[in-house]
Structure formats: C-alpha cells, structure tokens
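Enquirer: To start, I am sharing the structure in question, which I have written as structure tokens.
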Amino acid sequence: MSETTATVPRWHAAGDWFDTCKCDVPCPCSFAQPPTHGDCDGVLAWHIREGRYGDVRLDGLNVLMLASFVGNIWAEHTDTYAAVFVDERADGPQREALQMIFGGQAGSWPAEMVSMMGGEMRGMEFAPIEIEVADDLASWRAVVPDRVEASAVALTGPTTPQGARVQSTNLPGAETGPGQVATWGRSTMDRADAHGFLWRREGLSSKHITFDWTGPD
C-alpha cells in the first residue's frame with residue numbers, strides 16, 4: 001500500500017461501464033490487441049449502482065471520460081490524452097471521493113489503469129451526465145448535454161437466440177479489470193465536442209462491462 005492509499009478509507013464501487021469508439025466490432029483493444037486503425041478514441045462512461053467511500057455514499061453517480069491513444073495500450077507505451085466529466089449532482093465529499101477513485105489515488109483497479117496509461121489530461125469539469133442502461137442490456141446511452149453523446153444497441157445476428165446477448169468472459173484486456181462480463185454492441189451515436197476532442201460517427205464498436213472494485217488495496 002502506498003503512502004497515499006494508506007490514508008484512504010475502505011471503499012467499494014460497482015455498476016456499469018461502457019464505451020463507444022472508432023474500432024470495428026468487436027474492439028480488438030479488449031482482446032489486448034492493437035486498435036483497428038492503429039489508434040483509437042472514444043467515450044467511456046461509468047454509472048455507480050452501489051458505492052461507498054468510507055461513510056460517503058456514491059449510489060447513482062456518474063463519471064464520463066473522453067480519451068485517445070496510439071498503439072496497443074496493454075503492451076507498450078502509448079501517447080494518451082483524456083478529459084473527464086464528473087457528475088455535477090455530487091456534493092463536496094462525493095466529488096472528492098470520485099476524484100480520488102477515478103484519479104487512481106484510492107487504489108484498486110483504477111490505480112492500475114492510471115499507472116499504465118499515464119498521458120496528458122486535457123481537462124476535468126463537473127457537468128450534468130445522463131446515463132441509461134437497459135435492464136436486459138439491449139441498449140445503453142450516455143449524454144453530457146451539447147458536449148458528448150454515446151449510445152449503442154446490443155449486438156445480434158441470425159444465430160443469436162431471441163433476447164440473448166453476445167457476451168465474453170475472461171477478456172485479456174478488460175477495461176474494468178479481471179472477472180467481469182462484457183456485452184458486445186454497435187454504436188448508434190458516438191459524438192464529442194469538448195476539450196479538443198471532436199468526432200461524430202455511428203455503427204462502430206461499443207461494449208458494456210460490469211465493474212466491481214474495492215479499495216484501497
């Protein structure tokens with residue numbers, strides 16, 4: 001345990017994560033392979049269904065990131081850039097807790113990701129973040145009004161049973177850490193215009209992965 005995490009209270013956060021990106025379906029980054037075009041950018045969204053940071057409850061709060069990188073992020077040093085939106089509904093203690101967790105200072109899987117990615121932070125702001133995930137995982141959506149929109153529908157095909165989801169376990173490059181289940185989808189909107197990130201597209205890779213983190217270990 002580092003000197004920083006030694007002063008961090010016990011915490012737990014579990015919920016939904018999903019992304020939309022420029023890779024083809026399925027995104028090779030999740031299989032620890034180079035992105036389709038050699039570089040990738042996209043939207044990453046987290047919805048905390050159940051969370052606590054010490055005595056501070058985090059249930060229902062959201063975090064969203066815009067990110068880009070070059071090369072295989074799991075296997076080599078890459079140039080990475082990011083900007084983060086934190087749920088404006090969070091009060092002071094909740095904002096501090098979210099920044100500690102997602103900034104990596106509170107340990108657990110986010111600390112590993114921050115350490116691995118490094119890179120340049122282009123901005124951080126508190127903003128309204130709307131996140132919707134269908135109970136049956138048929139679709140998911142995240143919006144920061146006038147700045148970001150990411151939505152997708154679950155992948156299906158002629159041999160997928162009605163109502164079933166295309167899912168993976170034990171991904172070698174799971175963005176939320178080991179032991180989680182990924183549901184594959186295709187974006188219906190992937191749009192960003194904030195902090196120097198600018199794109200608009202649809203029909204490319206998206207995936208929903210659960211997350212379940214406990215820290216500061």
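Coordinate-derived values only; no laboratory data. The model shown is predicted, which means the values in this text are computed figures rather than measured ones. Every residue, glycine as well, gets a Cβ built from its backbone with ideal geometry; the counts of neighbours run over all protein chains shown.
Enquirer: Can you tell me the orientation of helix 108-117 relative to the chain, as the angle in degrees between its alpha-carbon axis and the longest Cα principal axis, to the nearest 10?
Expert: Tilt of helix 108-117: around 70 degrees.
Enquirer: Quick one: Karplus J couplings for the stretch 23-35, per residue in order, coefficients 6.51, -1.76, 1.60, θ = phi - 60°, nearest Hz, x for Gly and Pro?
Expert: So the J values, rounded to whole Hz, are 6, 5, 7, x, 4, x, 4, 5, 9, 6, 10, x, x.
Enquirer: Lone cysteines in the chain, going by a 4.7 Å Cβ-Cβ cut-off?
Expert: Flagged as lacking a Cys partner: C21, C29, C40.
Enquirer: In terms of modelled amide H atoms, which long-range or inter-chain residues lie less than 5 Å from the amide H of G203?
Expert: Placed amide hydrogens put S187, T188, M189 under 5 Å from G203.
Enquirer: Nearest 10 degrees is fine. How inclined is helix 92-102 to the longest principal axis of the chain, computing both from alpha carbons?
Expert: Once rounded, the angle reads 60 degrees.
Enquirer: Considering the options A13, V153, A164, tell which one lies farthest towards the positive end of the dipole of the stretch 8-206, charges being +1 on Lys and Arg and -1 on Asp and Glu at the Cβ, about the Cα centre.
Expert: Of the listed residues, the answer is A164.
Enquirer: Ranked by Cβ crowding within 10 angstrom, fewest neighbours first, how are T210, T7, T183 ordered?
Expert: So the residues, fewest neighbours to most, are T7, T210, T183.
Enquirer: What GluC sites (Glu not before Pro) in the stretch 1-77 are in a loop by DSSP, with at most 10 other Cβ atoms within 10 Å of the Cβ?
Expert: E3, E76
Enquirer: While we're on this one: Please identify the trypsin sites (Lys or Arg not before Pro) of the stretch 53-157 that satisfy two criteria: DSSP loop assignment and at most 13 other Cβ atoms within 10 Å. Which are they?
Expert: R89
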